[in-house]
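Heads up: the structure comes next, in structure tokens.
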Amino acid sequence: MRRNLRFVLGLAIWGAFVFHAGAQCPPRPPSGTVVQDPFNLVSQNGVLSADFDMGYSVDQFGYTHYCYKYQSPAGIVEAPTLRVHQGDELLLKVKDSIPVNSSDSKSSMHMAAPAGQTCGDGGAATLQSTNVHFHGMNISPICHQDDVLTTLIQPGSPGFQYKIKIPEGEPPGLYWYHPHVHGFTEFQVNGGAAGALIVEGMEKVRPEVAGLTERVFVLRQQYLAPWVPGPYEMTLNFHLAVPPESPSPPIIEMKPGEKQFWRVANATLQEFIPLQVSVNGIAQPLELIALDGYPLAAPRTETTILIPPAGRAEFIVQAPPAGSSAQFIEQSYSTGPTGNPDLEEILANMQVSSTGGSDAPRAKAVAAQSIVSPEGVQIATLKDATPTATRKLYFSEEFGGTNGPIQFYITVDGQKQKVFEPDEKPAITTKVGAVEDWTIENRALETHAFHIHQIHFLMLEVDGKPVDHQDLRDTIEIPYWSGKGPYHSVKVRMDFRDPTIAGTFVFHCHILLHEDMGMMHKILVEP
């Protein structure tokens, strides 16, 4: 189970913490209203500079909210979309305003970084500590960039400055940012602390999107109390999704027959999301443009797009004629005997009218530009590369009687099965320039989502058979084992050729409870 025997600890932490007011988060949208895009922060003259404040509050229904707050000219906004170009500099200052509660003193752990290698405020990692991971970005895993192993921002400090050079060859596409403090990541992402990050220029690589209205949708998931089975909410840009046949779903406005470019991030804790656009009950063709921030080699048509936790999909949607009944939906998805069912939800009703979209001022029209060839963007050519090493890894779980899994592991074949420890030595050591083939098995009775920081990998095989589409991904689902027969697996080609990513970073399951409980290990890429 993805929420399991640690529910007692979860309740104790939540109960001690939930009643303390802090830097209040903005109110979330009311049910059944028109979905707006997030507020956009756009780089100017090669620089995007912004100050974020990590806020905290509890709403009237008892849900804990964490939030990246930004002071816009119109007031405080939550989780703005960061828009940068290749070669830009991202200057992001993050202050932690989560209230300190002395009763949570036992809810902490030491990062245990090597001597002299702490980054930020240091100290113990607690529920009130934070940092930022720039998910999918091919940037350095060092202090002030994308280090999540030693960076801690503590309440009461002046704040921490991230200073990131967007690589000249960073593929145009959708990325995202979220906290990544080991042991407590689930709490803050559960509270809503996540936002989109876009590297501009998709129209230069995929001219199909030029001139289309662009929409940015961030899917989030919130449990009443992390680690505790019980009520939860799915949201689309903080608008509450609803079960089928329920009244007052969110509304997406479009004009009849209009094409739009939708960029969707799965910022949930654990949800595997099969997306569809349904018109009069029939799934519609979607023109898939990019996955996980990488433009596809060629667009392709899908009626269902599965996005694992932390994955992203970018696709073109065409509105139906006026008078049609259209919905943006999440299909149900089985995660296995010890997983939790991901249920069907109506993410939004699509309201089609001649004035559709007029109330969505934050929607951004993609400017038509002169098209440059894909060779103008650094898209790794791994297909014909000769691997320098092959490895096998596997997911597994340890059970405790009839109560389901109590421990979660990702293991390099041949090594001892163990949970992640902050002071552990890297489970894998390689070098800049390496190209490696990894086979990743799932020996557990629930689906897992494999993610590695800093790089993308090329999909080669699923269950030993070549895939139809060799896409570049940073997160991929591996279906559950039924209890008999062979394990499901993926074979991927890892690209360590970029010297920018040299250093120590992590790979893990992106079901955040699993990551927090130790389903993660380090990899060292030596210069």
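The values are calculated or read from the model by the stated rules, or taken from the named source; none is laboratory data. From a predicted model like this one, the values you see are computed outputs, not experimental measurements. Glycine gets a Cβ as well: all are built from the backbone with ideal geometry, and neighbour counts include every protein chain shown.
Couple of notes before you dig in:
- Residue within segment 286-295 that is within 25 Å of the chain's Cα centre (by Cα) and in a loop (DSSP other than H, G, I, E, B) present: yes
- The residue that is nearest to residue 209 (Cα to Cα), counting only those in segment 260-284 that are of a type outside the set (S, T, N, Q) and part of a loop (DSSP other than H, G, I, E, B), is 267.
- Of the residues making up segment 493-527, those that are of a type in the set (A, V, I, L, M), in contact with an Asp or Glu (Cβ under 8 Å, 6 or more places away or on another chain) and crowded, with 20+ Cβ neighbours inside 10 Å are 494, 512, 513.
- Annotation for segment 435-454: no member residue is of a type in the set (Lys, Arg), in the same structural domain as residue 493 (by TED's automatic domain parsing) and without any contact (Cβ under 8 Å) to a residue 12 or more places away in the chain.
- Of all residues in segment 486-504, none are of a type in the set (Ser, Thr, Tyr), within 24 Å of residue 302 (Cα to Cα), assigned to a loop (DSSP other than H, G, I, E, B) and in contact with a strand residue (DSSP E or B) (Cβ under 9 Å, 6 or more places away or on another chain).
- For segment 351-362, the criterion of a residue being part of a strand (DSSP E or B), modelled with pLDDT of 85 or more and in contact with a strand residue (DSSP E or B) (Cβ under 6 Å, 6 or more places away or on another chain) is satisfied by at least one position.
- Residue within segment 247-259 that is not in a loop (DSSP other than H, G, I, E, B) and not hydrophobic (A, V, I, L, M, F, W, C) present: yes
- Filter pass, residue 301 being at pLDDT 95 or above, on the phi < 0 side of the Ramachandran plot and part of a loop (DSSP other than H, G, I, E, B): no
Yes or no, residue by residue, for (1) within 22 Å of residue 506 (Cβ to Cβ); (2) assigned by TED's automatic domain parsing to the domain that holds residue 271; (3) in a strand (DSSP E or B):
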position: 158; (1), (2), (3): no, no, no
position: 161; (1), (2), (3): no, no, yes
position: 164; (1), (2), (3): yes, no, yes
position: 170; (1), (2), (3): yes, no, no
position: 174; (1), (2), (3): yes, no, yes
position: 177; (1), (2), (3): yes, no, yes
position: 182; (1), (2), (3): yes, no, no
position: 188; (1), (2), (3): yes, no, no
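- Among the residues making up segment 190-206, a single one is acidic (Asp, Glu) and part of a loop (DSSP other than H, G, I, E, B): 200.
- Taken together, 322, 298, 267, 348 contain a single residue that is in contact (Cβ under 8 Å) with a residue 60 or more places away in the chain, under 28 Å from residue 458 (Cβ atoms) and not hydroxyl-bearing (Ser, Thr, Tyr), which is 267.
- Condition met for residue 421 (surrounded by fewer than 21 Cβ atoms within 10 Å (Cβ to Cβ) and more than 26 Å from residue 270 (Cα to Cα)): no
- Annotation: residue 323 fulfils all but one of (1) over 30 Å from residue 499 (Cβ atoms); (2) at pLDDT below 95; (3) in contact with an Asp or Glu (Cβ under 8 Å, 6 or more places away or on another chain); the unmet one is (3).
Matching residues to (1) in contact with an Asp or Glu (Cβ under 9 Å, 6 or more places away or on another chain); (2) buried (at least 21 other Cβ atoms within 10 Å of the Cβ); (3) modelled with pLDDT of 95 or more:
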| site | (1), (2), (3) |
| --- | --- |
| 75 | no, no, no |
| 84 | yes, yes, yes |
| 106 | no, no, no |
| 113 | yes, no, no |
| 116 | no, no, no |
| 152 | yes, yes, yes |
| 161 | no, no, yes |
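- Candidates 329, 316, filtered to the one that is within 19 Å of residue 240 (Cβ to Cβ) and either modelled with pLDDT of 95 or more or surrounded by fewer than 17 Cβ atoms within 10 Å (Cβ to Cβ) (or both): 329
- Restricting attention to segment 288-318, the residues that are touching a helix residue (DSSP H, G or I) at 6+ places or on another chain (Cβ under 9 Å) and farther than 16 Å from residue 217 by Cβ add up to 3.
- Residue check, residue 196 in contact with a Ser or Thr (Cβ under 7 Å, 6 or more places away or on another chain) and not polar (S, T, N, Q): yes
- Flag if residue 315 is in contact with a Lys or Arg (Cβ under 8 Å, 6 or more places away or on another chain), part of a strand (DSSP E or B) and aromatic (Phe, Trp, Tyr): no
- Residue list for segment 28-58, filter: assigned to a loop (DSSP other than H, G, I, E, B), surrounded by fewer than 13 Cβ atoms within 10 Å (Cβ to Cβ) and either free of Cβ contacts under 8 Å to residues at least 40 places away in the same chain or hydroxyl-bearing (Ser, Thr, Tyr) (or both): 30, 45
- Test: residue in segment 341-350 that is in contact with a Gly (Cβ under 7 Å, 6 or more places away or on another chain) and either in a strand (DSSP E or B) or at pLDDT below 95 (or both): no
- When we screen 337, 308 for residues that are surrounded by fewer than 19 Cβ atoms within 10 Å (Cβ to Cβ) and not aliphatic (A, V, I, L, M), the only hit is 337.
- Of all residues making up segment 429-447, the number that are over 15 Å from residue 493 (Cα atoms) and of a type in the set (A, V, I, L, M, F, W, C): 2
- Members of segment 218-234 that are buried (at least 22 other Cβ atoms within 10 Å of the Cβ) and part of a strand (DSSP E or B): 218, 219, 220, 221, 222, 223, 234
- Taken together, the residues in segment 439-479 that are within 22 Å of the chain's Cα centre (by Cα) and of a type in the set (Gly, Ala, Ser) amount to 1.
- Residue 214 vs. criteria in contact with a strand residue (DSSP E or B) (Cβ under 6 Å, 6 or more places away or on another chain), over 28 Å from residue 183 (Cα atoms) and in a strand (DSSP E or B): yes
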